[in-house]
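Working notes for the structure below.
The values are calculated or read from the model by the stated rules, or taken from the named source; none is laboratory data. Quantities reported herein were computed from a predicted structural model and do not represent experimental measurements. We place every Cβ from the backbone using ideal geometry, glycine too, and count neighbours over all the protein chains shown.
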Amino acid sequence: MLTSISCLALSLTCLGTNPESATIEFLITVPSDTPKGAEVYLTGSLPALGGWSLPGMRTKQWKDGRYYAKVETPVGTRIEYKVTQGSWEPVEKDAAGGEIGNRTYTVEGPARIEIVVARWAGAAKGSGMKKGKTLTGDVRYHESFASKHLGNSRTIAVYLPPGYEKDTRRRYPVLYMHDGQNLFDASTSFIGVEWQADEAAERMIKSGEIEPLIIVGLYNTPERMTEYSPDFDEDRQAGGKGDAYAKFLVEEVRPFVDKTYRTKPGRADSGVAGSSMGGLISLHICRKYPKVFSRCGVISPALMWNDRSILKHLESDHKWLKGMRVWVDMGSEEGRQVPGFSSALKDTRRLAKILDDAGLEQDRDYRYLEVSGGQHNEAAWAARFDQVLEFFFPAK
């Protein structure tokens, strides 16, 4: 396990062998309103990036629409850079069109840096990641879905794969996800930045990278923190409805989805995933219902909740993990961004060790990923969601 973490070097991939220099890859996702065929550049402090002289390094566009570039630089180098279209107008902006500081990264070893540009300078108000409906493919809504277990209601959004209506005999695996309003549509998502889960699934299914699946997004409510926490946190004076939320998913949502859509309802074809508190509750749900779910997506999890009680429980009881497929990740910048996340990497490494102790094998039964420069936001999760899909639902 320690070898795997060292190899990652807070990155996605091991790229090269020279200990005195390292290859740094950049993978850039641009706003949906970027002109077709636009040239995208990295402009920054390295000579290869132009030394802040425009236009900088030209990137190469991949077939999936993302842009790619790489540089070789000595270990220990601190890189500052921004994404542009060859000039400062347009240069990348935040989702609201405001200025953002220079992106920075200190080279510790080979790494791939994934970047999501929220908006370009000069874009009209409402453009970029947030512009009306941004749905791709077949997404259906079930509003005011009531829960007896929680005593409230919410919207449920369901993404259906290409060909769903044509092949009426086919059934599909299902991934249930929390914070559903952030998954598919920028107009409903937090600060207008979505996960682009529909775009990722649509692209990867059509290219044959993953098997077709259904994604069910459960919107959160004002009770999010309480519903997404397994137990009561004395320091925060909050939480504790995690069991009721788990019952809501298993006993109310899942039967409805199985009845309404052509699902594969068995354990082998069912997963649950989420980020932050959603990652915490996903782990708790799978622990409570290991006979219902076989895939568990623990993305940037809030493992610090209630003095890391979830980790303590898992260290004393991890037999249920056998036969589970688990994704765990954390960005290197999340501990600096979010109160309470100061030990985020330490906590996820502790979880990875628990998976090892449970007899799970890295890259077969679970994948642990430390994302270099990764932040705690929807843009960061969008940048790696395709990897989650590929790990859980590889093409057969």
**Report entry** Close pairs (9 angstrom Cβ cut-off, 6 or more residues apart or separate chains): within 13 Å of Tyr228 (Cβ to Cβ) in the stretch 170-192, basic (Lys, Arg) and modelled with pLDDT under 95 anywhere
**Finding:** His178/Arg224; Asp179/Arg224
Query - Matching helices (runs of 4 or more DSSP H) fully within the stretch 208-260 where at least 3 residues are buried (at least 22 other Cβ atoms within 10 Å of the Cβ) - result: 242-247
Query raised in the report: Which one is farthest from Ser294 (Cα to Cα) among residues in the stretch 231-243 that are under 25 Å from the mean Cα position of the chain (by Cα) and in contact (Cβ under 8 Å) with a residue 40 or more places away in the chain?
Result: Gly239
Query raised in the report: If only one of Tyr219, Tyr245 is among the hydroxyl-bearing types (Ser, Thr, Tyr) and over 30 Å from Pro162 (Cα atoms), which one is it?
Result: Tyr245
Report summary line: Scanning the stretch 196-207 residue by residue, those surrounded by fewer than 23 Cβ atoms within 10 Å (Cβ to Cβ) and under 15 Å from the mean Cα position of the chain (by Cα) turn out to be Glu199
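Could you say which residue among Lys63, Lys36 is under 24 Å from the mean Cα position of the chain (by Cα), modelled with pLDDT under 95 and either charged (D, E, K, R) or in a loop (DSSP other than H, G, I, E, B) (or both)?
Just one listed residue meets the conditions, Lys63.
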Query raised in the report: Do we have Arg384 as among the basic types (Lys, Arg) and closer than 27 Å to Asn306 by Cα here?
Result: no
Query raised in the report: Within the stretch 365-396, which residues are among the basic types (Lys, Arg), touching a strand residue (DSSP E or B) at 6+ places or on another chain (Cβ under 9 Å) and under 21 Å from Gly323 (Cβ atoms)?
Result: Arg367
Requested in this report: Hey, can you tell me all the residues within the stretch 40-60 that are in a strand (DSSP E or B), surrounded by 16 or more Cβ atoms within 10 Å (Cβ to Cβ) and not hydroxyl-bearing (Ser, Thr, Tyr)?
Outcome: Leu42, Gly44, Met57
Query raised in the report: Quick check, is Ala238 small (Gly, Ala, Ser) and within 26 Å of Tyr366 (Cα to Cα)?
Result: no
Query raised in the report: If a residue has to be more than 23 Å from the chain's Cα centre (by Cα) and part of a helix (DSSP H, G or I) to count, how many in the stretch 261-279 make the cut?
Result: 0
